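A.B. asks: My structure is below; once you've seen it, I'll send some questions.
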Amino acid sequence: MGNVQEKLKSRPVVVIVGGGVGGTEVARLLESQFNVLLIDKKDHFFHKYAPLRAAVDSSFATNIAIPYSKLLKYGHVLQAEVTEVQENGFKIKGNDDLFHFDYLVLATGSTYSFPSKNVLHDHKLLPELFAESEKVIKEVFF
């Protein structure tokens with residue numbers, strides 16, 4: 001793995017903003033040929049179909065988030081919020097530096113409500129959130 005990462009240092013930098021289905025797939029496809037940086041506000045990939053099951057069975061909540069640290073073999077992940085994009089770089093929240101890229105992919109996804117859309121930035125909090133959801137559903141329907 002070290003040889004590949006050394007080789008990638010001299011390759012063009014591809015920045016992917018957004019770690020949903022589109023962003024993670026692009027990162028996985030490009031990471032062995034480019035120096036890839038995936039940026040997302042969350043620390044995990046959120047499986048968008050699994051939350052419906054977790055809403056009625058909170059024990060399933062631990063299966064719906066994949067930490068980005070386990071998703072890419074060679075690429076890098078930055079948990080941050082991109083606040084500005086320019087022709088030759090981007091800025092992140094809390095930092096005025098301009099970070100450069102060779103290629104930029106904007107894969108910021110879509111917006112819809114919980115439970116199909118993750119509202120948390122930390123995947124460790126999901127089981128508690130879905131336990132509350134399961135409780136409410138059982139009170140209303142059972």
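A.B. asks: Give me, ordered by chain and number, the residues 5 or more places off HIS76 or on other chains with an amide H under 5 Å from its own placed amide H.
C.D. replies: Excluding prolines and chain starts, which carry no amide H, the hits are VAL36, LEU37, LEU38.
A.B. asks: Could you point to the label whose value was computed as semi-axes √(5λ) of the Cα gyration tensor in Å for the structure here, given (1) 33, 16, 11; (2) 47, 30, 9; (3) 23, 18, 16?
C.D. replies: Calculated semi-axes √(5λ) of the Cα gyration tensor in Å: the matching label is (1).
A.B. asks: If R0 is 30 Å, what FRET efficiency do you get for LYS70 and GLU6 from their C-beta distance, rounded to 0.05?
C.D. replies: For LYS70 and GLU6, the calculated efficiency is 0.85.
A.B. asks: Any of LYS41/LYS135; LYS9/LYS70; LYS9/LYS41 with alpha carbons more than 26 Å apart? Name them for me.
C.D. replies: LYS41/LYS135
A.B. asks: Take every DSSP beta bridge with both residues inside the chain and express the antiparallel ones as a percent of the total, to the nearest 5.
C.D. replies: The antiparallel fraction comes to roughly 45 percent.
A.B. asks: A further question on this structure: Using the charge dipole of the chain (Lys, Arg: +1 at Cβ; Asp, Glu: -1 at Cβ; taken about the Cα centre), state which of VAL136, VAL13, PRO67 has its Cα farthest towards the positive end.
C.D. replies: It is PRO67, whose Cα lies furthest towards the positive end.
A.B. asks: Right, here's the next one. Can you give the charge dipole size of the chain about its Cα centre, rounded to the nearest 20 debye, using +1 on the beta carbon of Lys and Arg and -1 on the beta carbon of Asp and Glu?
C.D. replies: Once rounded to the nearest 20, the dipole reads 380 debye.
Coordinate-derived values only; no laboratory data. Because the structure is predicted, anything quoted here is derived from the model rather than measured. Neighbour counts are summed over all protein chains in view; Cβ atoms, including those assigned to glycine, are modelled from backbone coordinates with ideal geometry.
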